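So the structure is just underneath, and the comments pick up after that.
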Amino acid sequence: MLRDGNQSLSILLKEYSKHCTLHGVHYVFRDDASFIERSIWLSIIFLCFICASLLVNTMWVRFSLAPTVTVVKDTHLPLHLFPFPAITICPNNKIKKSIALKYISRYLNISDDNNLKQALHFLNVLSLFQHPYYSRMFEHLDQCADILPSLQDINVTDLMIQVLPACSELFLECSWHGKPDNCCELFSMQRSEEGFCYSFNSMTSEKLNQCELELSSLDNKDSNEIIGYEDMDCVLRRNTAAGTATGMEVFVKQIDPNESLPDQIDVTGISGVRVQVHHVTEYPEAGMGYLVPAQHGLKMSATIKPSLTQSTEAIRHLSIYERNCYFADEKKLGISKSYTEKSCLIECRLQYLHEVCGCRPYYFNMRDSSVHVCNSTELKCVADHSVELRFFSPPTGILRGFEGTEMFSPLNCSDCLPTCHENMYDIDSDLVMDSMPMSQSSFGYLDIYYKNEGAVKYQRDVTFGWIDLLVSFGGIAGLFLGFSLLSIVEFIYWTIKVCCFIFQYEKQTSQSKKIKIFAEELTRNIPSSRPPGPAPNYFY
């Protein structure tokens, strides 16, 4: 019976090989094939299987390591389809001495020369209270250590707002699209890690801050759909032209030198303004931008070359780890309603300061209202942790190029990823003497405009979707083995058939063994009916 079962199983396998759609299999099991012929065909099938497996693995690695691809979608995207970039102007001297001393006199007797001297050092500390230069506060903190407890109740935010040079004191004249306009309507106060500044067309400014949520909800749409967004006070200005005097023009005044703090040049640099061009949803980055000294007849020309990168909806279906970016509605921040990588890094630093010093710098509001502004006695703690705020720990597992201590930096901002929709601005600036200065009152002329009439648009899409990956696998398997989905169905069918045969065969074999054992037991236990003694002779 075992031989019969093996013969039947062999017949099934031969029948499968005869009808199998995989190339070359039937040559291996052909009845008239010699051993050499079978070996050759088996080797060819095995070699094709190895080649197909290598190519499948290559496609899988490519899918895993590079799930997205960025391609140029448009080389001349019209300028009016997206907002003009935000322009932030920060005065180097953010403190008017007379107003600051008058404010401090409420808490300290500054008629005393020693107190006055220490009060000026305290104002220098506040001038340096900006990232990444917190450590520079040490020198002046030591010089005013005696009065710090007396100034502990000062509302630093209120103080810095009041002593900030007013808009009318900073700007002489502004033009937008070549038409004169009110500077103080174009620019509004801007919070940044550099302190209080003034911004144009910024959704993070005090004027347009409430509109960030609406804009972030539109970030996932195509730029053609954003153009219709004109909601009352939440209007982002746009431009259609390129070239000098077609964008934003600003004439800057010189701040009264008598209002400067002692050693102002040694503390915050020469008198003038720092100009930064950035995306409308981003906060200006501290320490960046272009310094324009307060000099009569000096002109700064800044040409903007914008580029946009948009991600398709297919990117959203990838995990955050695979695409390495956030959509605007996927992550919420405490300092901004619209997510950007720079805003996330700012919040990361603010949270670290809260953890180690129990307070936040004066220039940012946090969603958690329980976090108070750092007072005079807590400034030293901020200065102590200045170096830690400049560098955050790299991703786990990356060791080369980093010292051991750097791998475990206390500042961890690894969850601050780029946005899936990015707007980049390539800025070319030039400082020259203006050949046609406006007037003797102008101490700096800024001309910020688009360089070209169009922008470059990039599109980030999925390199291989699951359907593309399946088609690639199927093509490779079909090329080398003639494999298809029907081959899988066929293999499953014959596998089930063989399993059923083996099950039935084992069942029959088991039943036959049981019957044989039962018969043997029955024969052994049946008593003989013949009486004892010699057998009777029936033939006589």
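The values are calculated or read from the model by the stated rules, or taken from the named source; none is laboratory data. Since the model is a prediction, treat every value here as computed from it, not as a measurement. Note that each Cβ is placed from the backbone with ideal geometry, even for glycine, and that neighbours are counted across all protein chains shown.
Taken over the stretch 281-323, residues that are acidic (Asp, Glu) and within 15 Å of the chain's Cα centre (by Cα) amount to 2.
Sort through THR75, THR70 and tell me the only one that's in contact with a Ser or Thr (Cβ under 8 Å, 6 or more places away or on another chain) and surrounded by fewer than 15 Cβ atoms within 10 Å (Cβ to Cβ). Walk me through it before giving the result.
Details: THR75 fails: in contact with a Ser or Thr (Cβ under 8 Å, 6 or more places away or on another chain).
Being in contact with a Ser or Thr (Cβ under 8 Å, 6 or more places away or on another chain) and surrounded by fewer than 15 Cβ atoms within 10 Å (Cβ to Cβ) holds for just one of THR75, THR70, which is THR70.
How do the helices (runs of 4 or more DSSP H) wholly within the stretch 1-73 filter down when requiring 1 or more residues that are modelled with pLDDT of 70 or more and either of a type in the set (Lys, Arg) or within 30 Å of ILE315 (Cβ to Cβ) (or both): which remain?
35-65
Tallying residues that are of a type in the set (Asp, Glu), outside any loop (DSSP other than H, G, I, E, B) and at pLDDT 70 or above within the stretch 433-489 yields 2.
Let's see how each residue does on (1) out of contact with any Ser or Thr (no Cβ under 6 Å at 6 or more places or on another chain); (2) outside the structural domain of ALA241 (by TED's automatic domain parsing); (3) not hydroxyl-bearing (Ser, Thr, Tyr):
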{"residue": "PRO418", "(1), (2), (3)": "yes, no, yes"}
{"residue": "GLU422", "(1), (2), (3)": "no, no, yes"}
{"residue": "PRO437", "(1), (2), (3)": "yes, no, yes"}
{"residue": "SER441", "(1), (2), (3)": "yes, no, no"}
{"residue": "ASP447", "(1), (2), (3)": "no, no, yes"}
{"residue": "TYR458", "(1), (2), (3)": "no, no, no"}
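Here VAL371 meets the list (1) at pLDDT 90 or above; (2) touching a strand residue (DSSP E or B) at 6+ places or on another chain (Cβ under 6 Å) almost entirely, failing just condition (1). Among the numbered conditions (1) out of contact with any Gly (no Cβ under 9 Å at 6 or more places or on another chain); (2) touching a residue at least 24 places away in the same chain (Cβ under 8 Å); (3) aliphatic (A, V, I, L, M), the only one that LEU116 does not meet is (2). Scanning the stretch 311-329 for residues that are within 16 Å of SER414 (Cα to Cα) and of a type in the set (Asp, Glu) yields a count of 1.
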